[in-house]
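K.L.:
Pasting in a structure now, in structure tokens, and then I'll have a few things to ask.
The values are calculated or read from the model by the stated rules, or taken from the named source; none is laboratory data. Remember, predicted model here, so these are calculated numbers, not experimental data. All Cβ positions, glycine included, derive from the backbone under ideal geometry; neighbour counts span all protein chains shown. Just the protein is used for accessible areas: all its heavy atoms, side chains included, with ligands, DNA and RNA removed. Shrake-Rupley method; radii C 1.70, N 1.55, O 1.52, S 1.80 Å.
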Amino acid sequence: MTTAVTRLLLASLLAVSAVTAAWAQPTTARFRGIVEWAEADRIQIRRPGGSTLTLRMNPRTRVFAVTEAALRNIKPESYVSVLATPGAAPLRAKAVTLYSPSERGFEAGTQPWDTDPGATFTAGWVADLKGGRPLRLTLGFGGGQASFEIPAGTPVTAIAPGEKALLEPGAAVTLFTQSGPDGALSVGTIAVGRQGAVPSF
């Protein structure tokens, strides 16, 4: 009987520990929109549906500048991400982003993305590049590869380190946020478009 009670108590403690750990882990969410205003520690955006959202920034919030680029900017040594629609391999690219050397390794691999149902986001180093229409691109990352067709006219952007001064009203942004144990959202990373560019992710 004592052994059974002990086991029950241990199981209960493990369950409580698991729930506590789940609550303690921050949850990442992305928000897209247009900057309404930005201060040193807060930013407000207008979302595509018309609602506004105000979020906290902190001294560690990173800002990246997004500019327009072209398919010809993709080189054998490039680090690239591809936003793709669901389908058979090779996947069809919906948008492509090139990264500055300091940001190589960002989100390496393939994961579901929230831009469209079934969309995927894949980031990696260029493993193969074949010209033509459509251009064919293969990305390599730890544990695998992924191939894509990139039709002419696919939006291409480049991303590099920026600063909070770029958060001007009217700029398109994607905010990568995390929720703490209290449920409050804080912005960890901001991708902000320059000169009319729109972050693809």
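K.L.:
Please state which one of Ser200, Ser186 is within 16 Å of the chain's Cα centre (by Cα) and closer than 20 Å to Ser100 by Cβ.
P.N.:
Ser200
K.L.:
Looking only at strands (runs of 3 or more DSSP E) that lie completely in the range 36-88, which have at least 3 residues being open to solvent by 40 Å² or more (accessible area, probe 1.4 Å) and over 18 Å from Thr138 (Cβ atoms)? Working first, answer last.
P.N.:
On the way: elements: 42-46, 52-56, 62-68, 79-85.
Once the strands (runs of 3 or more DSSP E) in the range 36-88 are filtered for at least 3 residues that are open to solvent by 40 Å² or more (accessible area, probe 1.4 Å) and over 18 Å from Thr138 (Cβ atoms), what remains is 52-56, 62-68.
K.L.:
Would you list the strands (runs of 3 or more DSSP E) that sit entirely within the range 96-201 and hold 2 or more residues that are open to solvent by 60 Å² or more (accessible area, probe 1.4 Å)?
P.N.:
Filter on the range 96-201 gives 109-112, 120-130.
K.L.:
Here is a follow-up. Return the residues of the range 89-130 that are polar (S, T, N, Q), touching a Leu at 6+ places or on another chain (Cβ under 9 Å) and touching a residue at least 40 places away in the same chain (Cβ under 8 Å); say none if nothing qualifies.
P.N.:
Across the range 89-130, the qualifying residues are Thr97, Thr115, Thr122.
K.L.:
Follow-up question, since we're still on this one. For Leu91, which of the numbered conditions (1) under 30 Å from Gly183 (Cβ atoms); (2) buried (at least 16 other Cβ atoms within 10 Å of the Cβ); (3) over 15 Å from the mean Cα position of the chain (by Cα) fails to hold?
P.N.:
(1)
K.L.:
Pairs please, first residue from the range 153-165 and of a type in the set (Gly, Ala, Ser), second anywhere and open to solvent by less than 80 Å² (accessible area, probe 1.4 Å) and in a loop (DSSP other than H, G, I, E, B), Cβ atoms under 7 Å, 6+ apart in sequence or on different chains.
P.N.:
Ala158/Ala69; Ala160/Ser100
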